[in-house]
Structure formats: structure tokens, C-alpha cells
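Q: First the structure, then my questions, so here it is.
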Amino acid sequence: MSPADPEDQPRPAATDPDVTGGEGSALPGVLGMIDIAIARTEAVMLAAGVLLMALNTISNVIGRFVFQSSLFFSEELNRILIVLITFAGISYAARHGRHIRMSAIYDALPAPARKILMVAISIITAILMFALCYYSVSYIVTLASRGRVLPSLQIPVWVIYLWVPVGFFMTGAQYALTAVKNLLDKDIYLSTSVLEGYDDTETEI
Amino acid sequence: DTWRYAFEEALEEVQGKFAQKFKAEVEANSDHTIQLFPYGTLGESADIMEQAQAGILQFVDQSPGFTGSLIPEAQVFFVPYLLPGDTEQLNSFFRNSVALNEMFPELYAAQGLELLTMFPEGEVAMTTKKPVHSPEDLDEVKFRVMTNPLLVESYKAFGATPTPLPWGEVYGALQTNIIQGQENPTSFIESTKLYEVTDVIIYAGHNNFTTALMANKDFYDALPEADQQVIENATDAAFEYILAYQKDLESVALEAIKKAKPEMEVIVLTEEERAPFKAAAGTVEETFIEMTGDSGKKILEQMKADLAAAAE
Amino acid sequence: MAITIFAIMIILLLLGFPIMIPLIMGAFVGFFMVFGGFGQMETMVQQMMAGIRPASLIAVPMFIFAADIMTRGQSADRLIDMVMKFVGHVKGGLAVSTAAACTMFGAVSGSTQATVVAIGSPLRPRMLQAGYKDSFVLALIINASDIAFLIPPSIGMIIYGVVSNTSIAELFIAGVGPGLLILLLFSIYSVIYAIRNNVPTEPKATWGERLRAVQRALWPLGFPAIIVGGIYGGIFSPTEAAAVCVLYALILEFAIFRSLDLKGVYDTAKSTGLITAVVFILVAAGAAFSWVISFAQIPQQMLTAVGISDIGPIGVLFVISIAFFVGCMFVDPIVVILILVPIFTPVVDSVGLDPVLVGTIITLQVAIGSATPPFGCDIFTAIAVFKRPYAEVIKGTPPFIVILLGVSMMLIFFPQIALFLRDLAFAD
Ligand code: NA
Ligand code: NA
């Protein structure tokens with residue numbers, strides 16, 4: 001890496017389409033519009049989740065130190081937000097090819113082999129994500145039947161996991177679409193919208 | 001067969017001692033073996049409870065306070081000044097109580113759990129940074145409690161500022177003075193070293209920490225009678241063992257604390273000093289009935305009757 | 001069973017699967033083998049949820065958020081400019097400052113991942129600019145951040161203390177010596193690296209320039225002041241300090257320096273959420289994997305096979321070091337402590353070892369494991385935050401691991417490195 005690395009330059013935050021909020025979709029027509037709507041929802045949930053977490057935690061500090069009164073639901077709310085951020089984020093990351101991987105061997109392979117491998121990776125990943133979606137639904141159903149509640153908020157525990165199967169499903173769908181795209185197109189795609197080689201170009205999200 | 005048994009504490013703490021005795025008894029009297037999973041090795045309290053309900057674990061030890069999020073009536077053990085301070089009375093209560101031995105098993109059964117026994121873990125002591133003799137002394141003291149509405153209510157009534165904090169942060173928070181107090185049985189205060197970061201240990205007699213051993217109900221019901229008998233005997237043996245073990249436990253733990261930290265001040269509140277704390281406890285009972293309705297009220301009344309019987 | 005699972009994980013990792021897949025597949029296969037089918041996969045989901053439950057985890061997104069705001073705005077630049085005016089003319093000065101900053105931040109925040117982000121984000125670009133190779137920079141940041149495990153407050157030491165019934169106060173003090181020794185050795189290595197690679201220095205700044213740089217950095221100097229003052233003043237916990245830093249960063253960049261608009265705040269929050277998710281899904285999968293290893297009692301089986309009764313105190317310390325080092329390569333450090341410590345405690349007692357020394361050595365192995373391939377939380381955090389390939393992130397680690405293992409050896413043969421301060425403080 002040379003001193004002229006793009007990271008070194010002041011980074012105008014608004015030049016990247018990812019950052020300006022312009023979500024693209026690989027899908028045609030109505031499906032594409034739904035896809036874009038989902039991507040925007042995920043983005044809003046990510047940002048809102050992080051901001052609410054900061055607000056919640058700071059409020060608790062101020063409440064305890066200044067007003068001698070803690071927010072009893074603070075920890076539980078943060079737990080809900082962590083689940084929200086994680087599971088909105090994994091599909092958003094899949095969409096933008098941002099899940100971390102060790103690509104040294106993959107990168108050394110010739111293009112046709114890379115293509116086959118990428119299709120296999122996408123399909124296997126999609127299957128595992130769909131399986132986890134299924135099992136998380138069944139976990140939620142079991143939890144709901146037992147009726148355990150959060151001690152402070154007194155809301156059923158299963159409610160805070162509702163986003164989990166959605167996140168797994170959307171992630172699985174992203175990888176399934178990546179497999180399809182790789183089969184249809186002559187280029188190699190890391191995700192529905194990202195061509196391989198991102199490691200060298202450091203797109204900023 | 002191999003049976004799995006998880007509990008909420010370390011191997012050398014009360015629940016761990018109970019589990020070791022139970023394991024030894026079962027293994028001596030049957031061909032079964034028991035694997036023990038102490039605190040954290042299979043997850044937190046709620047996790048091991050769910051695993052026992054799912055049948056992955058055959059046995060689980062969980063304190064009724066934690067079970068409160070699943071079985072609201074179990075929170076009755078958080079009502080202060082309900083259980084007696086006298087050890088003989090307390091042991092007699094645990095042996096003979098109708099509420100504990102007949103009513104609670106039904107509530108647990110509805111959750112797929114066979115309640116094998118409940119047992120005491122020792123009087124709950126407060127540790128603080130300054131001496132406490134009255135609720136006024138707890139004024140503006142940020143007191144760490146578990147996030148349970150009844151505990152919060154209790155410490156509000158005691159005049160403190162109840163402060164929720166994850167268990168992993170309690171030691172550090174006492175050290176940096178974010179909080180100035182916490183409550184736990186003496187042996188637990190010793191083993192978790194919380195005395196290192198507080199200066200006074202106070203016995204107000206407000207509670208005795210209770211815990212419970214359960215089995216997965218489907219597993220238990222499917223066992224041949226001989227095996228059920230083995231489990232029942234092992235439970236009884238471990239129960240008697242833990243009552244005897246407890247007799248000296250508190251004083252031994254307190255001695256260990258004093259030896260490690262001679263300047264630790266020990267305060268046992270007099271009956272007179274306890275009066276205002278007891279008076280405050282009434283509001284907690286009301287909150288408990290509000291939260292649990294008729295079912296909770298029935299349990300509470302039965303427990304009071306059992307306690308009266310134990311006092312005779 | 002363990003061998004099969006580890007083999008599957010390594011193969012999937014090497015083939016270039018997203019790293020969550022080796023971990024999820026490892027757990028999945030583990031659950032399948034232990035329960036003879038798919039009957040208990042709900043518990044796998046349960047443990048994934050348990051993995052992202054700890055309240056202390058929120059420090060990670062909060063410090064990512066604060067560091068990103070500082071780096072996009074002016075706070076980070078002003079702080080580093082100030083440091084450079086003092087150390088820029090010394091060979092390796094910036095690298096030593098980075099290592100020291102990681103140690104100090106890790107010491108107060110108690111979170112190694114947060115340290116990677118909070119110190120690494122602003123300092124890495126500067127080090128690259130100054131001519132250090134990225135592989136060295138990344139390895140330095142990751143490994144120096146892990147010194148945080150040894151210097152109080154340390155969650156690893158608290159858990160060890162509780163499980164082994166050892167004084168936490170003594171453990172805390174015992175960690176300081178080895179922690180500072182590692183910092184010293186990292187610093188020496190950094191200077192040697194700078195000399196050998198001929199990293200250029202800046203001209204020595206005048207005291208006038210230094211004064212100006214300090215003035216420019218006055219507002220950003222509020223960060224260390226708030227963190228240290230707030231935590232030791234009993235106002236907030238290390239976890240909460242992260243959120244307070246977010247608030248302060250927002251006030252500085254939004255209201256005072258005006259280098260960030262509302263859109264910028266939103267974009268930063270979104271990017272923070274994304275990085276958090278990418279790391280936390282690995283934490284979740286790792287927890288499910290750890291659970292199945294623990295449930296199948298694999299560590300117990302492996303250690304019974306080794307046999308550790310008649311090998312003397314030094315031998316026991318070696319076995320402990322190796323067991324924790326290897327365990328932490330794959331499994332979450334906290335779970336490793338919870339599982340292995342009860343197994344070793346009787347042996348430690350029987351050969352008469354000081355449990356404080358053992359705790360210090362274990363904590364050190366845990367620190368090493370978190371920075372050691374193939375699976376390590378701090379490695380994953382660095383990949384997600386700095387957007388560099390896995391291979392590049394771990395390329396520079398060997399010299400650091402050699403140093404850390406060297407310190408492990410020194411601790412085994414010269415326990416006074418850890419016990420000196422403890423004996424001084426707790427002398428009767
Ligand atoms: Na630390
Ligand atoms: Na590792």
C-alpha cells in the first residue's frame with residue numbers, strides 16, 4: 001500500500017451511491033421496486049438502530065447521574081436494537097458484498113474456476129441462510145408458546161426476535177440471486193450489485 | 001445413560017455443591033452418569049432453562065427469581081421479610097411447605113418441568129461503602145439489583161436508588177463508585193470477591209436466596225419407577241447435605257472475608273433497626289399481588305400459613 | 001467429531017466462503033452430530049441470539065460510530081497532528097504512539113474490539129501516509145489492542161477470578177506488569193521496523209508549532225478527559241463511555257467544527273450499523289459453535305487424553321498455556337475460560353501454583369488467541385472496519401505473536417514479572 005492510498009484522502013461522504021442512499025436493484029420491474037424498498041428499509045433500520053442505541057444509553061447515564069433514577073428498560077432496549085441492527089445489517093451487507101471472507105486462494109484461481117466456486121459459495125450460503133430462517137421461525141414459535149417475558153419491559157421475549165427470520169431470509173435471497181446472476185452473466189459477481197475485485201477498490205459504505 | 005445437569009453458579013458455589021452431591025448419589029446407585037455444566041458453559045440462566053424445556057438438558061437448577069419471567073408466581077421469593085431468619089424454621093419450612101411441595105410443582109409442570117426441590121442458598125446480605133442502620137442511610141445510595149420489578153420496588157421502599165447493571169459490570173462499577181451497594185448471599189460475596197470493592201456488610205434479614213432443581217418433565221415421566229426413585233433419593237440426599245453444608249457456610253464465608261480484608265465492617269441490624277425496613281416491605285407484597293393476580297395471592301397466603309406452621 | 005468439524009471449517013474458510021459460513025456450518029454439523037439429526041437446531045438459533053446479548057457489546061457500535069465521526073470530521077486529525085508534532089521526528093515515533101494509545105484506550109474501555117476501531121480508524125491512515133506498510137500497521141493495531149485484556153478493567157480476569165475463587169484485585173494488579181512489558185517490546189519492535197524499512201521522519205517541530213497544535217487539539221482532548229474522568233469518576237461504565245463519546249463527537253463535529261451535516265450523521269450511523277452487523281453475525285455464529293463444543297465436552301475429552309498429573313508446576317503451566325492458546329484460536333475466550341478453568345483448578349492447587357500467576361498467564365493466552373488466525377474477533381473487526389482482505393490483515397502478525405509467546409515463556413520462568421506489583425501492593 002502506498003501513501004497515495006484512497007483512504008488517506010479526505011473522504012467526501014456523499015460521492016458514493018451507497019452513501020447517498022441511491023439503492024440499486026438487479027431485479028426487473030415490480031420485483032426490483034420491492035427490492036429497492038427493502039434495501040432502503042434496511043438502511044433506515046441500521047441508522048436508526050445505532051442512533052437510538054446512543055440516545056438510550058446516554059439517557060440512562062443522565063438519568064442515573066443527574067436525576068438519581070435509572071432507566072430500567074435501557075439494557076433490554078439495547079438488546080432489541082442489537083438484534084435489529086445485526087439482522088437488518090446482514091442482508092444489507094450481502095447486498096453490497098460486504099461480508100468478510102478470506103479470498104487469498106480464491107483470488108489465485110483462474111476466472112472459470114472462480115465463477116464455479118462463486119456459484120457454489122452463493123448457493124451453499126443461501127441454503128444455510130434459508131435453513132436458519134426456518135429454524136428461527138420455529139424457535140420463535142416455541143418461545144411464544146412458553147410465554148417468557150422481558151423482566152423490565154414485560155413484553156414477550158419472542159417479539160424481539162421477529163426480525164431474525166426476516167434477516168436470514170433476505171440474506172438467503174441475496175445469495176440465491178447472486179448465484180443466478182453469476183449463471184446468467186459473463187462477469188463474476190460478489191453480490192447482486194457488486195462485481196468482484198472490491199478488495200482493491202475499497203468502496204466505502 | 002448420560003444425563004446432563006446445568007446450574008447458574010460455579011462448581012464450588014452452593015448450586016455446584018448441590019449438583020456434585022446429586023451426581024455422586026445418582027452414579028453410586030445406578031448405571032447412569034451425570035455431566036455437570038456450571039455457570040456460563042451452556043449459556044445464561046434463561047438459556048439453560050429453555051434447553052431443559054427442550055429436553056437437551058435433563059436437569060437444571062434455576063433460582064425462582066429468574067424463573068419469574070416464565071412463571072410470575074415464582075417471584076414470591078423476592079417479597080422481603082417473608083422467609084424467617086432462623087435456620088431451623090427455614091429448613092422446616094422448606095421440608096414441609098404445601099406451597100413449595102404441592103402448589104409450585106403444578107406451575108412448573110405447566111412449563112414442562114418436574115420441580116424436584118427448592119432449597120435455600122443463604123441469607124441475602126447487602127454490601128455497601130458506608131454503614132447502614134436505617135433506610136435514611138441508604139438515601140442516594142445507588143444499589144445494584146437484578147432487573148426484577150419486585151427487587152426494584154423493595155430497594156425503593158428501603159430508601160435506596162435501585163440501579164440495574166449487567167452482572168459482568170458490578171465489580172468494576174463498585175470499584176469506580178458508579179454504584180455503592182449490591183446484595184447477595186455471603187458465600188457468593190466471598191466467591192465473587194465483591195467485598196474487595198465494598199467496605200461494609202449488612203445483615204438486615206430481609207431475604208434468603210432460594211433456588212430450585214428441576215427435571216425435564218417428559219424425560220422424568222418416561223423413566224422407569226426405579227430410576228425416578230434414584231432421582232428422588234439423590235435429591236433428598238443432596239437437600240439434606242446442602243442444609244448441613246449451609247450451617248457453617250455463612251460463618252466460614254464471613255471469616256474468609258474478614259481474613260482477606262480485616263477492615264471490612266460487619267453490621268447485624270437489631271430488631272428495632274429492622275422495623276422500618278419491614279414496614280417498607282408491605283408495598284412490595286401489594287406489587288406482587290398486582291403482578292400475579294389471584295394465583296399469586298393464593299401462593300402467598302399458603303406460604304404464610306406454611307411459615308406459621310414452621311414457626312411452631 | 002472435533003477433528004471433522006475443524007476440518008470442515010478450515011476448508012470452507014480457505015475456499016473463500018463468507019467467514020460466517022465456516023462458523024455456522026461448524027455449529028450446524030456439530031448440532032447434527034451431537035443430536036443425531038436436525039432435531040435441536042432451535043437451540044442453535046437460541047445460542048446465536050445469546051451471543052449478541054451481552055450488554056457490553058454495545059461498546060462496539062458506539063465506538064465505531066464515535067471514531068467514524070471523529071475521522072470524517074476534524075477531531076482525529078487535530079489530535080494526531082498534535083502527537084506528530086511531539087514524536088514525528090523520532091524513528092518509529094508514530095508506531096510507538098499508536099501502540100501506547102491502543103494500550104491506554106484498551107485499559108480504560110476494557111474492549112479490544114472497540115480499541116481496534118477507536119484507535120485504529122484515525123491512526124491507520126496516518127501511519128500509511130508516514131510510510132509504514134499496511135500489514136505492519138494492521139498487525140500492530142490488532143495486537144496492541146489486545147493488551148487491553150491484561151490491564152484492568154479486564155472482563156476475562158473477572159470471570160477467571162470468580163470461577164477459580166481468586167482475588168480479582170490481585171489479578172488486576174498482576175496484569176499490569178506483563179501488559180507494560182508487552183507494550184515495551186512492541187515499541188522496540190516498532191522502532192526496529194521503522195529503522196529497517198527506513199520509514200521517513202518529519203522535521204522536528206519547534207515549541208511554537210507544538211503549542212499551536214495543542215491549542216488546535218484542545219476540544220478533541222476532551223475525549224480522553226471524558227473517558228478517563230467519567231469512568232474513574234464513577235459517572236458511567238466503560239460501556240456507557242462509548243455512547244458518551246458519540247454524544248461528544250456529534251457536538252464537536254456538528255456544532256463546533258461544523259464539519260458534519262445531518263446527512264453525514266445519518267450516513268455514518270448507517271455505515272456503523274453495517275460494520276456492526278458484519279462483526280456481530282460472527283459473534284453470534286461463534287457462540288453457537290462454542291456451545292456445541294462445550295456441550296459435547298470436547299475440551300474435557302482432549303485434556304483427559306493428554307494427562308496432566310505428574311508433570312510438575314512448569315509442565316502444568318505449559319499445558320495450560322497451550323490449551324488456552326489453541327482453544328482461543330477457535331472458540332470465544334470467555335467460554336474457554338468458563339470451561340477450562342474448572343478443569344485446571346484442582347491441578348493448579350495440587351502442584352502449588354499461585355492462582356494469580358495462572359490467571360495472568362491464561363489472560364495473556366486469551367489475548368493472543370483473539371488476535372491469532374484462523375478465527376479471532378479482533379481480526380474480523382479489523383477486516384470489517386478497514387475493508388482490507390483477510391490475508392493482508394493477518395500477514396504482519398507473526399512477529400507480534402512471537403513477542404507474545406516470548407512473554408508467556410518469561411512469565412512461566414520469571415513469575416515476578418506479574419507478581420512483583422501484586423506482592424508490593426498486598427504485602428502484609
Ligand atoms: Na482492560
Ligand atoms: Na483466534
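The values are calculated or read from the model by the stated rules, or taken from the named source; none is laboratory data. Treat the numbers as computed from the prediction; the structure is a model and nothing was measured. Virtual Cβ from ideal backbone geometry, glycine too; neighbours counted across all protein chains shown. Only protein heavy atoms, including side chains, enter the accessible area calculation; ligands, DNA and RNA are left aside. Shrake-Rupley method; radii C 1.70, N 1.55, O 1.52, S 1.80 Å.
Q: Which whole-number percentage describes the relative contact order of the stretch A:28-195, with Cα contacts under 8 Å and a sequence gap of 6 or more?
A: Numbers: 178 pairs, mean separation 45.8, N = 168.
Result for the stretch A:28-195 is 27 percent.
Q: Quick one: net charge around C:Gly110, please, counting Lys, Arg +1 and Asp, Glu -1 for every other residue with C-beta under 13 Å from its C-beta.
A: Working: positive: none; negative: B:Glu169, C:Asp146, C:Glu240.
Result for the local shell: -3.
Q: Do the alpha carbons of any pairs in B:Lys21/B:Lys193; B:Lys129/B:Lys261; C:Lys85/C:Lys263 sit beyond 22 Å of each other, and which pairs? Before the final figure, lay out the partial values.
A: Working: B:Lys21/B:Lys193 25 Å; B:Lys129/B:Lys261 14 Å; C:Lys85/C:Lys263 33 Å.
Where the Cα-Cα span goes over 22 Å, the pairs concerned are B:Lys21/B:Lys193; C:Lys85/C:Lys263.
Q: Then there is this: Within 10 Å of each Cβ in peptide B:156-168, how many partner chain Cβ atoms are there on average? Round it to a whole number, please. Spell out each step's value before the answer.
A: Details: counts 1, 0, 0, 0, 0, 5, 3, 6, 12, 6, 7, 4, 12.
Mean inter-chain Cβ contacts per residue within 10 Å come to 4.
Q: Hey, another quick one. For the stretch C:55-425, what Kirkwood radius comes out of the mean inverse Cα-Cα distance, in Å? Please list the in-between numbers first.
A: Numbers: mean 1/r = 0.0471 Å⁻¹.
This gives a value of 21.2 Å.
Q: Could you tell me the accessible area of B:His32 in Å² (1.4 Å probe, neighbours in place), rounded to the nearest ten?
A: Roughly 20 Å² of B:His32 is accessible to a 1.4 Å probe.
Q: Please give the average number of partner chain Cβ atoms lying within 10 Å of the Cβ of each residue in A:168-175, rounded to a whole number.
A: Mean partner shielding for this stretch: 1.
Q: Where in the stretch C:2-99 are there chymotrypsin sites (Phe, Trp or Tyr not before Pro) that are in a DSSP coil and have at most 15 other Cβ atoms within 10 angstrom of their Cβ?
A: C:Phe38
Q: While we're looking at this one, here's another question. Suppose we look only past 25 Å in the calculated P(r) of the stretch A:28-195. What percent of the Cα-Cα pairs does that tail hold? Show your work: numbers first, answer last.
A: Working: 6398 of 14028 pairs.
Result for the distance tail: 46 percent.
Q: If you don't mind, there's one more thing I want to ask. Just need the relative contact order of chain B here, percent rounded to a whole number, with Cα pairs under 8 Å and 6+ apart. Kindly include the intermediate steps, with their values, before the conclusion.
A: Working: 531 pairs, mean separation 83.9, N = 312.
Rounded, it is 27 percent for chain B.
Q: Enumerate the amide H contacts of C:Gly396 below 5 Å, restricted to partners 5 or more residues apart or on another chain; note that Pro and chain-start residues carry no placed amide H.
A: It is C:Ala139, by chain and number.
Q: Okay, moving on. How much accessible area is lost when chains A and C come together, counting both sides, with a 1.4 Å probe, in Å² rounded to the nearest 100? Let's see the in-between values first.
A: Values: alone 12610 and 18290 Å², together 24600 Å².
Separately minus together, A and C give about 6300 Å² buried.
Q: For the protein assembly as shown, divide the Cα radius of gyration by the Kirkwood radius and give the resulting Rg/Rh value with two decimals. Don't skip to the end; give the middle numbers.
A: Numbers: Rg = 28.1 Å, Rh = 29.1 Å.
That ratio is 0.96, to two decimals.
Q: Using a 1.4 Å probe on protein heavy atoms, which residues of the stretch C:271-291 have at least 50 Å² less accessible area in the complex than alone?
A: C:Leu274, C:Ala277, C:Val278, C:Ile281, C:Trp291
Q: Additional query: What are the ³J(HN,Hα) couplings of the stretch C:149-164, residue after residue, when phi is run through the Karplus curve with 6.51, -1.76, 1.60 and θ = phi - 60°? Round to Hz, x for glycine and proline.
A: 4, 8, 9, x, x, 10, 5, x, 5, 4, 5, 4, x, 5, 5, 9
Q: Just the accessible area per residue of chain C, please: how many Å² with a 1.4 Å probe? All intermediate terms of the calculation are to be shown ahead of the outcome.
A: Working: 13880 Å² over 428 residues.
I get 32 Å² per residue for chain C.
Q: Just C:Gly26, C:Gly177, C:Gly233 to compare: in a GNM of chain C, with alpha carbon springs under 10 Å, which one fluctuates most?
A: Of the options given, C:Gly233 has the highest mean-square fluctuation.
Q: Step through the residues of the stretch B:71-82 one at a time and calculate ³J(HN,Hα) from phi using the Karplus curve (6.51 cos²θ - 1.76 cosθ + 1.60, θ = phi - 60°), rounding each to whole Hz and writing x for Gly and Pro.
A: 10, x, 4, 5, 6, 4, 6, 8, 6, x, 6, 8
Q: Now for a different question. Using the eigenvalues of the Cα gyration tensor, what equivalent ellipsoid semi-axes result for chain B when each is taken as the square root of five times the eigenvalue, whole Å, largest first?
A: Values: eigenvalues 203, 98, 66 Å².
In descending order, the three semi-axes are 32, 22, 18 Å.
Q: Now for a different question. Where is the GNM fluctuation largest for chain C (alpha-carbon springs, 10 angstrom cutoff): C:Ile182, C:Ile334, C:Ile311?
A: C:Ile311
Q: As a test of reading the structure, rank C:Val279, B:Val266 by solvent-accessible area (1.4 Å probe, protein chains only), most first.
A: Details: C:Val279 5, B:Val266 55 Å².
Ranked from most to least accessible, the order is B:Val266, C:Val279.
Q: Ignore the peptide's own chain and count Cβ atoms of other chains within 10 Å of each Cβ in A:57-63; give me the average, rounded.
A: On the way: counts 14, 7, 1, 6, 10, 4, 0.
Rounded to a whole number, the mean comes out at 6.
Q: Could you check how much of the accessible area of the stretch B:2-310 is carbon and sulfur, as a whole percent, using a 1.4 Å probe?
A: Values: 5430 of 11170 Å².
The C+S portion of the solvent-accessible surface of the stretch B:2-310 is 49 percent.
Q: Heavy-atom accessible area of B:Trp3 with all protein chains present, probe 1.4 Å, nearest 10 Å²?
A: Near enough 10 Å² of accessible area.
Q: Suppose every Lys and Arg Cβ carries +1 and every Asp and Glu Cβ carries -1, with no other charges. What dipole size does chain B come out with about its Cα centre, to the nearest 20 debye? Intermediate results must be reported in sequence, preceding the final value.
A: Values: 21 positive and 52 negative charges, 139 e Å.
Value, rounded to 20: 660 debye.
Q: What distance in nm separates the simple spin-label points at C:Met302 and B:Gln35, each placed 7 Å from Cα in the Cβ direction?
A: 1.5
Q: Placing +1 on the Cβ of each Lys and Arg and -1 on the Cβ of each Asp and Glu in the stretch C:94-251, which of C:Val228, C:Ser190, C:Val162 has its Cα farthest towards the positive end of the resulting dipole?
A: Positive-end residue among those listed: C:Ser190.
Q: Which of the residues in the stretch B:95-143 lose at least 30 Å² of accessible area when you go from the chain alone to all protein chains together (probe 1.4 Å)?
A: Those residues are B:Glu140, B:Lys142.
Q: So, one more: How many percent of the accessible area of the stretch C:55-425 is carbon or sulfur, using a 1.4 Å probe?
A: Numbers: 8340 of 11900 Å².
After summing per-atom areas, the C and S share lands at 70 percent.
Q: Next up: Any idea how far the Cα center of the stretch C:379-424 sits from the one of the stretch C:166-243, in Å?
A: 17
Q: In addition: What number, rounded to the nearest 500 deg cm²/dmol, is the helix-based mean residue ellipticity at 222 nm of chain B, given -39500 (n - 2.57) per DSSP H run of at least four residues and division by all its residues?
A: On the way: 11 runs with 149 residues, N = 312.
After summing the helix terms and dividing by residue count, I get -15500 deg cm²/dmol.
Q: Counting Lys +1, Arg +1, Asp -1, Glu -1, what net charge surrounds A:Leu143 among other residues with beta carbon under 13 Å of its beta carbon? Display every interim value, and only then the final one.
A: Values: positive: A:Arg146, A:Arg148; negative: B:Asp47, B:Glu50, C:Glu42.
For residues surrounding A:Leu143, the net value is -1.
Q: Shifting gears a bit: Find which of A:Leu150, B:Ala244, B:Trp3 sits farthest along the positive direction of the dipole of the protein assembly as shown, computed with +1 on the beta-carbon of Lys and Arg, -1 on that of Asp and Glu, about the Cα centre.
A: A:Leu150
Q: If you fit an axis through the alpha-carbon atoms of helix C:333-350 and take the longest principal axis of the Cα set of chain C, what angle between them do you get, 0 to 90°, nearest 10?
A: Here the helix axis deviates by roughly 60 degrees.
Q: A further question on this structure: Could you pull out every residue, at least 5 positions away or on a different chain, whose amide H is within less than 5 Å of the one on A:Arg101? Hs are placed 1.01 Å off N in the peptide plane, and Pro or chain starts have none.
A: C:Ile19, C:Tyr390
Q: Along the charge dipole of the protein assembly as shown, which of C:Ile173, B:Val197, A:Ala94 sits closest to the positive end, that is, farthest toward it, with unit charges on the beta carbon of Lys, Arg, Asp and Glu (+1, +1, -1, -1)?
A: Farthest along the dipole direction, towards plus: A:Ala94.
Q: Would you compute, from DSSP H runs of 4+ residues alone, the mean residue ellipticity of chain C at 222 nm, taking -39500 (n - 2.57) per run and dividing by the full residue count, rounded to the nearest 500?
A: Details: 22 runs with 327 residues, N = 428.
Roughly -25000 deg cm²/dmol at 222 nm, from the helical runs in chain C.
Q: Checking the a/c ratio against 1.5 first, then a/b against b/c, what shape does the Cα gyration tensor give for the stretch C:261-337? Each step should come with its number before you reach the end.
A: Working: a/c = 6.84, a/b = 2.80, b/c = 2.45.
Verdict is prolate for the stretch C:261-337.
Q: Which of the pairs B:Lys17/B:Lys258; B:Lys23/B:Lys247; B:Lys130/B:Lys259; B:Lys23/B:Lys297; B:Lys17/B:Lys278; C:Lys133/C:Lys204 have their Cα atoms more than 28 Å apart in this structure?
A: Details: B:Lys17/B:Lys258 23 Å; B:Lys23/B:Lys247 22 Å; B:Lys130/B:Lys259 20 Å; B:Lys23/B:Lys297 36 Å; B:Lys17/B:Lys278 32 Å; C:Lys133/C:Lys204 23 Å.
B:Lys23/B:Lys297; B:Lys17/B:Lys278, as the Cα separations exceed 28 Å there.
Q: Provide the per-residue ³J(HN,Hα) series for the stretch B:233-239, in order, calculated from phi with Karplus coefficients 6.51, -1.76, 1.60 and θ = phi - 60°, each as a whole number of Hz, with x at glycine and proline positions.
A: With the stated coefficients, the stretch B:233-239 comes to 5, 4, 4, 4, 4, 5, 4 Hz.
Q: Further question: Mean-square fluctuation check for chain C, GNM, Cα pairs under 10 Å: which of C:Pro220, C:Pro54, C:Pro415 is largest?
A: Answer for the Gaussian network model of chain C: C:Pro54.
Q: I would also like to ask the following. Which of rounded, prolate or oblate describes the stretch C:28-173 when judged by the alpha-carbon gyration tensor and an a/c cut-off of 1.5? It would help to have the intermediate numbers written out before the result.
A: On the way: a/c = 2.52, a/b = 1.77, b/c = 1.42.
Prolate, since a/c reaches 1.5 and a/b exceeds b/c.
Q: Separate question: Report relative contact order for chain C in percent, whole number only (criteria: Cα-Cα under 8 Å, sequence separation at least 6). Walk me through the numbers on the way to the answer.
A: Values: 603 pairs, mean separation 111.3, N = 428.
Relative contact order for chain C comes out at 26 percent.
Q: Counting only residues 5 or more places away or on other chains, whose amide H sits under 5 Å from the amide H of B:Thr211 once H atoms are built in the peptide plane?
A: Sorted by chain and number, the residues that satisfy this are B:Phe119, B:Glu121.
Q: To the nearest 10 square angstrom, how much accessible area does B:Trp167 have with a 1.4 angstrom probe?
A: 80
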